[in-house]
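Student: Before I ask anything, let me first share the structure, which is written out below as structure tokens.
Any read-out appearing in this document is the output of simple, stated calculations on the displayed coordinates, not a laboratory observation. These numbers were taken from a predicted model, which means no experiment stands behind them. Cβ sites come from the backbone with ideal geometry, for glycine too, and all protein chains shown count toward neighbours.
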Amino acid sequence: MTTKHKSIPGMIMSGLLILFMLFDSIMKFIQPDEVIEATVKLGFHESQILPIGIIGFIATLCYIIPKTSVIGAVLLTGYFGGAIVTNFRLDQPLFSHILFPIYLSILMWGGLILRYPALKTFLLNPTSSGNE
């Protein structure tokens, strides 16, 4: 199996995350009534929807670009952390709401590691140069 074929699962995983995050951001830009209701229900003001969408969009763009994909993954990890805390604070259901951002994080980091195997080496042993 060639290197290109080995990265197909990683590309699929990353692609699913990217599609979800782009859809989420676009909905925050468009702001249909359902998005406004859900966001206000989470304790945010309507005026905060657009900035939240912009932050998610920029982090997703960073994840899409190969040279900044790790930075994008770190930014999205923070974004997902905020979602976890928000849902936890509101006593939302565990598996469907609180853990959903963790499922997305697994897709994101798993896809990234499968696309860039050297990242796995770095994350498991950051002091190694990878040239050994």
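Student: Suppose each label sits 7 Å from its Cα in the direction of the beta carbon; what would the ILE12-TYR103 distance come out to in nanometres?
Tutor: Taking the simple label geometry, ILE12 and TYR103 are separated by 1.7 nm.
Student: Counting only pairs 8 or more places apart or on different chains, how many lysine pairs in the chain have C-alpha atoms closer than 29 Å? Could the numbers behind the result be given before it?
Tutor: Details: LYS4/LYS67; LYS4/LYS120; LYS6/LYS67; LYS6/LYS120; LYS28/LYS41; LYS28/LYS67; LYS67/LYS120.
Final tally of qualifying lysine pairs is 7.
Student: What does the charge count around ILE98 come to, taking other residues whose C-beta lies under 12 Å from its C-beta (Lys +1, Arg +1, Asp -1, Glu -1)?
Tutor: Working: positive: ARG89; negative: ASP91.
Taking every other residue near ILE98 into account, the sum is 0.
Student: Ordered by residue, what ³J(HN,Hα) values in Hz, to whole numbers, does the stretch 97-112 give under the Karplus form 6.51 cos²θ - 1.76 cosθ + 1.60, where θ = phi - 60° and Gly and Pro are x?
Tutor: Couplings: 10, 5, 8, 4, x, 5, 4, 5, 5, 5, 4, 5, 5, x, x, 5 Hz.
Student: Moving on to the next point. Looking at the chain as a GNM with Cα springs under 10 Å, which of GLY53, GLY43, GLY15 has the largest mean-square fluctuation?
Tutor: GLY43
Student: Let me ask something else about it. Taking the 0 to 90 degree range and rounding to the nearest ten, how far is the long axis of helix 69-89 tilted relative to the main principal axis of the chain, both from C-alpha atoms?
Tutor: Taking the Cα atoms of the chain, the angle to 69-89 is about 40 degrees.
Student: So how tilted is helix 8-30 from the main axis of the chain? Cα-based, degrees 0 to 90, rounded to 10.
Tutor: The answer is roughly 20 degrees.
Student: Still on this model: When the helix-only estimate is applied to the chain (DSSP H runs of n ≥ 4, each -39,500 (n - 2.57), divided by the residue count), what is the mean residue ellipticity at 222 nm, nearest 500 deg cm²/dmol?
Tutor: Helices in the chain give a 222 nm mean residue ellipticity of -23500 deg cm²/dmol.
Student: Evaluate the Debye formula for the chain with equal point scatterers sitting on the alpha carbons, no solvent, and hand back log10 of I(q)/I(0) at q = 0.13, 0.14, 0.22 Å⁻¹, in q order, two decimals.
Tutor: Treating every Cα as an identical point scatterer, log10 I(q)/I(0) equals -0.61, -0.69, -1.34.
Student: With angles folded into 0 to 90 degrees, how steeply does helix 49-64 sit against the dominant principal axis of the chain? Use alpha carbons for both and round to 10.
Tutor: Once rounded, the angle reads 10 degrees.
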